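The values are calculated or read from the model by the stated rules, or taken from the named source; none is laboratory data. These numbers come from a predicted model, not from an experiment. Note that each Cβ is placed from the backbone with ideal geometry, even for glycine, and that neighbours are counted across all protein chains shown.
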Amino acid sequence: MQTISRDEHNISRKHISPAALKVIYQLNEAGFESYLVGGGVRDLLLNGRPKDFDVATNATPEQVRSVFRNSRIIGRRFKIVHVRFGRELIEVTTFRGDSQGKDAPSNIKQKNNKMQQSDEGMLLRDNVYGGTIEDDAMRRDFTIKALSYTVQGFAILDFCNGVNDLEQQQIRMIGDPETRYREDPVRMLRAARFAAKLNFEIEPRTADPIHDLGYLLGDISSARLFDESLKLLMGGYGQAVFTQLQQLDLFSKLFPATQQCIDNAPQRTAALIEEALKNTDSRIAQEKPVTPAFIYAALLWPVVQQLVSNATGNAPPSQALQQAADQAIRQQITNTAIPKRFSIAMREIWDMQIRLEDRPGKRVYSVLSHPRFRASYDFLLLREQAGESLSELCQWWTEIQNVDDDKKEAMIAALGKQPKKRRRKPKKKDNPPADK
């Protein structure tokens, strides 16, 4: 272990969340050890501003809960405690130890100290609590996440040579990479995410097994992979993540149908995805709102288009699109679950593309007032940026949003389209009463 004293590192308490410091000090006052751990320490050492601060302690989740009334225990695979201070959430974990819990301290109840693994080695439950911060550090995945900060002397504790890896700008697995990936295949996605976020290299021994073990992601629940996909693609560095996922052959495990479209038309499909991720990264950097519905609509649009082009029969364009959307979403949710609130928004964005392309006479006003118009218009621009020949259409919709009503009427009239008259259905006559 390397102890880095206060005068040898750049972390100051003024850069740490007051809520995180409060949790650390209160746990210490209650007689427990506690440390700032994980990505927050890493980002502080890199002169960044962490979004989250995590705390590790030798207190059990139940004991942490007893110290903080503003907290709750979550998780089954590995129990953690969320301590809430207004809108800020501090995550508190108990030190993890060896699989048998041999060195667990007296405050740990052995009946709760359990690890369960599948026949393939994947961790199903990891509520194995250890006795020291070093035990906990050795159970973490990457060296750059195994750094701890203590308020006792304000030092950095480095058990896995993580500071050196930060200086070398590399992602390195703690322990045998293949074994650790089998324990939790999501670690492969984390390696890609950290490499993209930090602009680091994944050191060869850590990267090499990923190409052969990517199939293990098929054992992870689709709900968990959806959450991981949001961390990958909506963290502000999605474009770099996409490049990493392609290089490691992991994108195909999350979005197999989209990967097939990339293989069939690499330039066109990849351009759309990269433009969508570039725009999302830009909006996040500007602190503008983003939604999974938009990025997923972009990721699956090539699949929808392919299904429409392969469809047989003479269904109207809108119906053909709806059928293709149903099929694309059904296929995707076997890999990453898509909550209904997002899949509905995706369908609306796709449906609106036909209406935007058609410019339906007087019904242009209903299109402009549609709740999903802005996202659909942005999606149209995205398609044009990715290479589709839509420049005249994009210009028309851009202009009509910025002119007065008289000009709008002139633009609609220039289209030469009139709204279709609806046929009125004849009223049904009441049937005469039956003869008795």
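Yes or no: Tyr377 in a helix (DSSP H, G or I) and at pLDDT below 95? No. Considered as a group, the residues in segment 263-304 that are on the phi < 0 side of the Ramachandran plot and not in a helix (DSSP H, G or I) include one that is farthest from the chain's Cα centre (by Cα), and that residue is Ala265.
Inspection of segment 32-42 finds no residue satisfying the criterion of being without any contact (Cβ under 8 Å) to a residue 24 or more places away in the chain and in the same structural domain as Tyr129 (by TED's automatic domain parsing). Select, from Leu356, Leu307, Leu382, Leu390, the only residue that is out of contact with any Leu (no Cβ under 8 Å at 6 or more places or on another chain) and not charged (D, E, K, R). Criteria check complete, one pass: Leu307.
Considering only segment 14-72, give the helices (runs of 4 or more DSSP H) lying wholly within it that have at least 3 residues that are farther than 18 Å from Leu166 by Cβ. It would help to see each step written out before you state the result.
Values: elements: 18-29, 39-45, 61-67.
Fully inside segment 14-72 and qualifying: 18-29, 61-67.
In segment 4-16, the count of residues that are closer than 28 Å to Leu198 by Cα and acidic (Asp, Glu) is one or more. Answer yes or no as to whether Leu230 is of a type in the set (A, V, I, L, M, F, W, C), over 14 Å from the mean Cα position of the chain (by Cα), farther than 25 Å from Asp136 by Cβ and not assigned by TED's automatic domain parsing to the domain that holds Gly162. Criteria not met by Leu230.
Scanning segment 164-221 for residues that are free of Cβ contacts under 8 Å to residues at least 12 places away in the same chain and among the hydrophobic types (A, V, I, L, M, F, W, C) returns no hits.
Per the listing Thr150, Thr243, the residue uniquely surrounded by fewer than 20 Cβ atoms within 10 Å (Cβ to Cβ), under 30 Å from Gln2 (Cα atoms) and of a type in the set (Val, Ile, Thr) is Thr150.
For segment 192-200, the condition holds for no residue, the condition being that it is over 24 Å from Val290 (Cα atoms), more than 15 Å from the chain's Cα centre (by Cα) and polar (S, T, N, Q). Note on segment 165-174: residues that are surrounded by fewer than 16 Cβ atoms within 10 Å (Cβ to Cβ) and touching a helix residue (DSSP H, G or I) at 6+ places or on another chain (Cβ under 8 Å) amount to 1. Residues that are of a type in the set (Gly, Ala, Ser) and in contact with a helix residue (DSSP H, G or I) (Cβ under 9 Å, 6 or more places away or on another chain) within segment 223-267 comprise Ser229, Gly235, Gly236, Gly238, Ala240, Ser252, Ala257, Ala265, listed in sequence order.
Each row is one residue, and each column tells you yes or no for (1) exposed (fewer than 15 other Cβ atoms within 10 Å of the Cβ); (2) over 24 Å from the mean Cα position of the chain (by Cα).
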site	(1), (2)
Leu21	no, yes
Tyr25	yes, yes
Gly31	yes, yes
Arg42	no, no
Leu45	no, yes
Asp54	no, no
Pro61	no, yes
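Looking only at segment 312-370, count how many residues are among the β-branched types (Val, Ile, Thr) and over 30 Å from Ala413 (Cα atoms). Result for segment 312-370: 7.
In segment 279-304, of all residues being of a type outside the set (Ser, Thr, Tyr) and without any contact (Cβ under 8 Å) to a residue 40 or more places away in the chain, the one that is surrounded by the most Cβ atoms within 10 Å (Cβ to Cβ) corresponds to Arg283.
I'd like to check something: does segment 194-207 contain any residue that is out of contact with any strand residue (DSSP E or B) (no Cβ under 7 Å at 6 or more places or on another chain) and acidic (Asp, Glu)? Checked against the condition, which is being out of contact with any strand residue (DSSP E or B) (no Cβ under 7 Å at 6 or more places or on another chain) and acidic (Asp, Glu), segment 194-207 yields no hits at all. Count of segment 358-405 residues, restricted to those that are surrounded by fewer than 18 Cβ atoms within 10 Å (Cβ to Cβ), under 23 Å from Phe342 (Cα atoms) and more than 25 Å from the chain's Cα centre (by Cα), is 4. No other residue among Met346, Met352 is assigned by TED's automatic domain parsing to the domain that holds Gly235, touching a Lys or Arg at 6+ places or on another chain (Cβ under 8 Å), assigned to a helix (DSSP H, G or I) and closer than 19 Å to Arg374 by Cβ apart from Met352.
Does Asp136 satisfy the criteria of being under 25 Å from the mean Cα position of the chain (by Cα), modelled with pLDDT under 95 and buried (at least 20 other Cβ atoms within 10 Å of the Cβ)? So Asp136 fails the test.
Against the conditions (1) under 25 Å from Phe194 (Cβ atoms); (2) modelled with pLDDT under 95, Ile24 satisfies every one except (2).
I'd like to know if segment 316-325 contains one or more residues that are within 22 Å of Ala223 (Cα to Cα) and surrounded by 15 or more Cβ atoms within 10 Å (Cβ to Cβ).
Kept after step one, since they are within 22 Å of Ala223 (Cα to Cα), are these residues of segment 316-325: 325.
Subset that is surrounded by 15 or more Cβ atoms within 10 Å (Cβ to Cβ): 325.
Checked against the condition, which is being within 22 Å of Ala223 (Cα to Cα) and surrounded by 15 or more Cβ atoms within 10 Å (Cβ to Cβ), segment 316-325 yields at least one hit.
Has segment 246-258 got any residue that is in contact with a Phe, Trp or Tyr (Cβ under 8 Å, 6 or more places away or on another chain), among the β-branched types (Val, Ile, Thr), assigned to a helix (DSSP H, G or I) and surrounded by 19 or more Cβ atoms within 10 Å (Cβ to Cβ)? Before the answer, list the steps.
The initial filter retains those residues of segment 246-258 that are in contact with a Phe, Trp or Tyr (Cβ under 8 Å, 6 or more places away or on another chain), namely 251, 253, 258.
Now restrict to residues that are among the β-branched types (Val, Ile, Thr): 258.
Imposing the further condition that a residue be assigned to a helix (DSSP H, G or I) reduces the set to 258.
Checking which are surrounded by 19 or more Cβ atoms within 10 Å (Cβ to Cβ) leaves us with 258.
The answer is yes; a qualifying residue exists.
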